[in-house]
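Structure first, commentary second.
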Amino acid sequence: MTLKSKKQSPSRTVFIGDVHGCLDELLELIAKINVLMRDIAPHKIKILFLGDLIGKGPHPKEVIEWVHHHHHISLLGNHEWSYLMALKDFPDQRTTRYQLKKHLIPTSKNTPPAVNSLPHYQALKASLGAEGHNFIKSFPLYIDEENFIAVHGGFHPHFSLAECPPEFIVNVRTIDNKPWHHYYTGKKTVFYGHWAAQGLLIKKNAIGLDSGCVYGGKLSAYVLETKTLIQVKARRRYVAI
């Protein structure tokens, strides 16, 4: 007599592009993901946001609270970076200015948070409370796994992720007037957001998921294991691109 081994439940890794405070669209997207993955054990599903949960859209506080409450992971986006920099509350190990490495400055100009954004960020911090604020502080700059890399903006393919300072990782779009991923020849698939003007991009080794939800476009998710794209349309155009 032999014992039959139980069939292992498959795992799923889901990447979600820039939410920008669009709570209604996020909840609609999550509902679609749940239907698609109704046969997958919940603990086998990892949802990873590519940064910019806040900024521009109507419900940044509620989005942060939802992601935190459901124990999902978010990367640090340029809007979270600006929030922490404006409040002078950036973790010490991340404050290296990439102006010190002139060869890493992207063609898109890096600008510090606007002075007039401080009251907005102070109000957001107050509404989030210590728990929500500390959650944002915990966001990693990137995730480098065996079969994928996740960043908000991008990285310089000629340098390791550890060598690329925070401002570069969260802000870069182009290098020498070409998309940064034009130079990337690695085998791992890189998932990134940040570039609504470029829109959805699916290449063999680079997948861009900022499809401009806050600008009236779509909110996009991508399942690593099945190569499935999931999208919902924006309820409306919240800001002009």
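Observations on the model:
- Among (1) within 30 Å of Glu65 (Cβ to Cβ); (2) more than 17 Å from the chain's Cα centre (by Cα), the one test that Phe148 misses: (2)
Yes/no matrix, rows are residues, columns are (1) farther than 22 Å from Val190 by Cβ; (2) touching a helix residue (DSSP H, G or I) at 6+ places or on another chain (Cβ under 6 Å):
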position	(1), (2)
Asn34	yes, no
His43	yes, no
Leu53	no, yes
Lys61	yes, yes
Leu75	no, no
Glu80	no, yes
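Residue-wise test of (1) among the basic types (Lys, Arg); (2) touching a Leu at 6+ places or on another chain (Cβ under 9 Å); (3) within 26 Å of Phe148 (Cα to Cα); (4) assigned to a strand (DSSP E or B).
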residue	(1), (2), (3), (4)
Val19	no, yes, yes, no
Ala31	no, no, yes, no
Arg38	yes, no, yes, no
Gly51	no, yes, yes, no
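- Residue within region 95-113 that is in contact with a Ser or Thr (Cβ under 7 Å, 6 or more places away or on another chain), surrounded by 11 or more Cβ atoms within 10 Å (Cβ to Cβ), modelled with pLDDT under 90 and closer than 28 Å to Glu25 by Cα present: yes
- Tally, over region 156-177, of residues that are modelled with pLDDT under 95 and either out of contact with any Pro (no Cβ under 7 Å at 6 or more places or on another chain) or in a loop (DSSP other than H, G, I, E, B) (or both): 14
- Pairs where the first residue, in region 186-205, is among the polar types (S, T, N, Q) and the second is part of a strand (DSSP E or B), C-beta under 8 Å, 6+ apart: Thr189/Phe148; Thr189/Ile149; Thr189/Ala206; Thr189/Ile207; Gln198/Pro179; Gln198/Gly208; Asn205/Thr189; Asn205/Val190
- Candidates are the residues of region 58-84 that are of a type in the set (A, V, I, L, M) and part of a loop (DSSP other than H, G, I, E, B); the one that is surrounded by the most Cβ atoms within 10 Å (Cβ to Cβ) is Leu76.
- Selection of first residues in region 220-241 that are without any contact (Cβ under 8 Å) to a residue 60 or more places away in the chain and of second residues that are assigned to a strand (DSSP E or B) and among the small types (Gly, Ala, Ser), restricted to Cβ pairs under 8 Å at least 6 apart or on distinct chains, gives the following pairs, ordered by first then second residue: Leu229/Ser220; Leu229/Ala221; Ile241/Gly212.
- Checklist (1) more than 22 Å from Lys46 (Cβ to Cβ); (2) in contact with a Ser or Thr (Cβ under 6 Å, 6 or more places away or on another chain) applied to Trp180, failing item: (2)
- Filtering region 190-202 to residues that are out of contact with any helix residue (DSSP H, G or I) (no Cβ under 7 Å at 6 or more places or on another chain) and assigned to a loop (DSSP other than H, G, I, E, B) leaves Gly193, Trp195, Ala197, Gln198, Gly199, Leu200.
- Residue count, region 163-195 (criterion: buried (at least 19 other Cβ atoms within 10 Å of the Cβ) and of a type in the set (S, T, N, Q)): 2
- Residue within region 148-159 that is in contact (Cβ under 8 Å) with a residue 12 or more places away in the chain and under 14 Å from His20 (Cα atoms) present: yes
The values are calculated or read from the model by the stated rules, or taken from the named source; none is laboratory data. All values reported here derive from a predicted model rather than from experimental measurement. Neighbour counts are summed over all protein chains in view; Cβ atoms, including those assigned to glycine, are modelled from backbone coordinates with ideal geometry.
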